[in-house]
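Readers should treat all values here as calculations from the given coordinates under stated rules, not as data from a laboratory. What you are looking at is a predicted structure, and each value in this text was computed from that prediction instead of being measured. Here Cβ is always computed from backbone atoms with ideal geometry, including for glycine, and neighbour counts include all displayed protein chains.
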Amino acid sequence: MNATQQMARAERMDRMSEIRDRAIETLALIAIEEEYEKACTKYPLWPEDPVHAAGIVTEEAGELIQAALDHTYHDLNHHDGDTLKRMEKEAIQTVAMALRFLVNLSKYRKFDKRENNNG
Ligand SMILES: [Mg+2]
């Protein structure tokens with residue numbers, strides 16, 4: 001293989017890598033959209049209190065870090081299952097809940113601490 005052929009091959013490999021990366025990105029976005037729709041159908045109510053809404057996002061992020069810890073320190077993994085699959089699932093759920101948080105941004109209300117004061 002001469003230098004020109006090597007350069008052409010390297011360019012083809014770069015294009016293939018870009019196409020593969022784009023395909024992975026597209027599949028991830030589709031999975032996030034599906035998770036978002038599934039969550040909105042299963043749990044149609046979303047908190048008007050942003051602290052509780054952020055808590056839902058954080059709960060999923062917590063599951064993501066647990067899956068990542070189980071993957072990294074596999075000898076200490078007390079959970080069953082494929083850690084790569086768990087990280088994928090929890091990352092999708094985290095982004096879907098962050099999207100839900102953003103979609104509801106205009107509905108969050110400020111809480112007056114005097115509202116529930118009975119004294
Ligand atoms: Mg989860």
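Working note: Karplus 6.51/-1.76/1.60 with θ = phi - 60° gives region 28-36 the couplings 5, 5, 5, 4, 5, 4, 5, 5, 4 Hz, where Gly and Pro are set to x. For the chain, the longest principal axis of the Cα atoms and the long axis of helix 83-103 meet at an angle of about 50 degrees. Values of log10 I(q)/I(0) for region 39-119 across q = 0.18, 0.23, 0.24, 0.26 Å⁻¹ run -0.79, -1.02, -1.06, -1.15, by the Debye formula with one identical scatterer at each alpha carbon and no solvent.
Region 75-105 and region 1-41 have their alpha-carbon centroids 21 Å apart. The ranking of ASP82, ASP70 from fewest to most other beta carbons within 10 Å of each one's beta carbon is ASP82, ASP70.
In a shell of Cβ-Cβ distance under 13 Å around GLU59, excluding GLU59 itself, what net charge do Lys and Arg (+1) and Asp and Glu (-1) give?
On the way: positive: ARG100; negative: GLU60, GLU63, GLU90.
It works out to a net charge of -2.
Using the rule -39500 (n - 2.57) for each DSSP H run of four or more residues, divided by the residues of the chain, the 222 nm mean residue ellipticity is -25500 deg cm²/dmol.
Quick one: which of 1-13, 26-38 comes out on top by average Cβ neighbours within 10 Å, and what's the full order, highest first?
On the way: 1-13: 9.3, 26-38: 13.8.
Ranked by mean Cβ neighbours within 10 Å, highest first: 26-38, 1-13.
Among the listed pairs LYS38/LYS107; LYS42/LYS89; LYS42/LYS113; LYS38/LYS113, which are separated by more than 23 Å between their Cα atoms? Over 23 Å apart, Cα to Cα: LYS42/LYS113; LYS38/LYS113.
By other beta-carbon atoms within 10 Å, ranking PHE111, PHE101 with the fewest at the front produces PHE111, PHE101.
Compared with the alpha-carbon gap, the fully stretched path from ARG9 to ALA23 is longer by 2.9 nm at 0.36 nm per residue.
Quick one: 3J(HN,Hα) in Hz for region 20-25, Karplus 6.51/-1.76/1.60 with θ = phi - 60°, rounded, Gly and Pro as x. Each residue's phi maps through the Karplus curve to give 4, 4, 5, 5, 5, 4 Hz.
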